[in-house]
Amino acid sequence: MLITRIQDFHVLQYKSTIIFAKIVLVLLFAQSCKSHTALIKKDVALVDSRPNRNTKFLFNRIKEIPKQGYAFGHQDATAYGIGWKNNGKQYQSDVHKVTGDHPAVYGFEIGHIELGHAFNLDTVNFKLMKTLIRKAHKNRGIITISWHPDNPVSNKSAWDTIPAVKDILSTGRLHYKYKDWLSNVANFMNRLKGPWGNSIPVVFRPFHEMNGSWFWWGEGNCSPQEYIQLWRETVTILKEYKVNNILYAYSPNTLKLEDDYLKYYPGDEYVDILGIDIYQHTTTEDFVEALKKDISTLKKIGIEKNKPYALSEAGLNKIPVNDWWTKILDKHIANSGISWALFWRNAWPSHYFVPYVGHENTNDFVAFKNLPHVLFLEDIKKIR
Ligand code: BMA
């Protein structure tokens, strides 16, 4: 009898623990749904006057990130790395191989989509790219897309600086050619869909680094007025093509002394996110100076305009400097309010920006990943 009562008591105790655990889980779930719904519902004014709800949600997530820190991004993270190329069968990244987690932000490049090619200018297959975008989105990563279109006048690369902007504006002789190019861009964007036909929102960052003179849309190769008109017409044409899953990012390169961040700015109604590309090309001192100066400019303008801002490209080729991630980079961008920092591609053994397995500075990169305010995929998943 006594034994049965003791057993009954244990069963009762066990059952109430389970019920308690279930209540806690339900409350936690309700709490997370609440914030999830809040971010989905929060209304925002975007470039696209008819953004779909996923686009608005992406924007709200991006605005939310700085409350926790900043997200880490890598260009072509899952397409290839040092010593490997995605063959469509595996899902990996150099970042994951080194740290055990994937990036939070995924950069992809659509140069040559305008030509209708099957592969981009870096030999990434567009079909594979779409699969990788779907997967990154499913994992709740953020996708940002750059575009290095060929020069429409010479039909050479984006780095061919023969003036071309004037010719592709609505008043120019090659406008219809450019419209065709944009229809290929629109088709790519419009076909970014999840398994149930849900549209995948992305950050689009066209005509970047315009204050440098290495691209045909860059300084000296077109006037600021022509650049601004090109940007505005591009937005308008993409809208005509019914693209509703894009946030537009404007991103100059490191500002030269005489540069004004807003010199080529197309206007608040044409830009959702402010960016800047800052590489370390020379000394660490110069890089730190540029980070301090330009990120404080970016922050000031971001706050004034109430727009999220990001370090849209960054890196030190081959990362030959000890403790670069923790002592140089992070130290000068933590607490700046940027939503993310994206590092350029691990292309080949003399052109890479993130450590791979066997690289001499992996320890520092792992320490960087472990900083509480540096957000990789598992961290960014929680922002919803
Ligand atoms: C550049 C280099 C090029 C590449 C281009 C577009 O910075 O990495 O090799 O083609 O970006 O991805």
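The values are calculated or read from the model by the stated rules, or taken from the named source; none is laboratory data. This one's a predicted model, so the numbers in the text were calculated from it and none came from an experiment. Positions of Cβ are generated from backbone atoms using ideal geometry, with glycine treated the same way; all protein chains shown enter the neighbour counts. Calculation scope for accessible area: heavy atoms of the full protein, side chains included, ligands and nucleic acids excluded. Shrake-Rupley method; radii C 1.70, N 1.55, O 1.52, S 1.80 Å.
Quick one: which residue in His281, His359 is within 16 Å of the ligand (Cβ to nearest atom), surrounded by fewer than 21 Cβ atoms within 10 Å (Cβ to Cβ) and not in a helix (DSSP H, G or I)?
Testing whether each residue is within 16 Å of the ligand (Cβ to nearest atom), surrounded by fewer than 21 Cβ atoms within 10 Å (Cβ to Cβ) and not in a helix (DSSP H, G or I) leaves just His281.
Just need a number here: residues in region 123-151 that are surrounded by 16 or more Cβ atoms within 10 Å (Cβ to Cβ), assigned to a loop (DSSP other than H, G, I, E, B) and within 16 Å of the ligand (Cβ to nearest atom).
Adding up the residues that qualify gives 6.
Just checking, does region 167-180 include any residue being polar (S, T, N, Q), within 17 Å of Ile145 (Cα to Cα) and modelled with pLDDT of 95 or more?
No.
Looking only at region 305-335, count how many residues are surrounded by fewer than 21 Cβ atoms within 10 Å (Cβ to Cβ), at negative phi and among the polar types (S, T, N, Q).
Of the residues in that region, 3 qualify.
Give the residue, chosen from Ser296, Ser336, that is part of a helix (DSSP H, G or I), within 21 Å of the chain's Cα centre (by Cα), polar (S, T, N, Q) and more than 16 Å from the ligand (Cβ to nearest atom).
None of the other options fit; the residue is Ser296.
Could you please find all residues in region 284-304 being of a type in the set (D, E, K, R) and either without any contact (Cβ under 8 Å) to a residue 24 or more places away in the chain or open to solvent by 10 Å² or more (accessible area, probe 1.4 Å) (or both)? Talk me through it step by step, then tell me what you get.
Start the filter on region 284-304 by keeping residues that are of a type in the set (D, E, K, R), which leaves 285-286, 289, 292-294, 299-300, 304.
Across region 284-304, the qualifying residues are Glu285, Asp286, Glu289, Lys292, Lys293, Lys299, Lys300, Glu304.
For region 101-122, which positions are part of a loop (DSSP other than H, G, I, E, B), within 25 Å of Ala341 (Cβ to Cβ) and more than 14 Å from the ligand (Cβ to nearest atom)?
Across region 101-122, the qualifying residues are Asp101, His102, Pro103, Ala104.
Which residues, counting only those in region 84-100, are surrounded by fewer than 18 Cβ atoms within 10 Å (Cβ to Cβ), modelled with pLDDT of 95 or more and either touching a helix residue (DSSP H, G or I) at 6+ places or on another chain (Cβ under 8 Å) or closer than 18 Å to Ile200 by Cβ (or both)?
Across region 84-100, the qualifying residue is only Tyr91.
If Phe353 satisfies all but one of (1) exposed (fewer than 15 other Cβ atoms within 10 Å of the Cβ); (2) within 16 Å of the ligand (Cβ to nearest atom), what's the number of the condition it fails?
Evaluating Phe353 over (1) exposed (fewer than 15 other Cβ atoms within 10 Å of the Cβ); (2) within 16 Å of the ligand (Cβ to nearest atom) leaves (1) as the failure.
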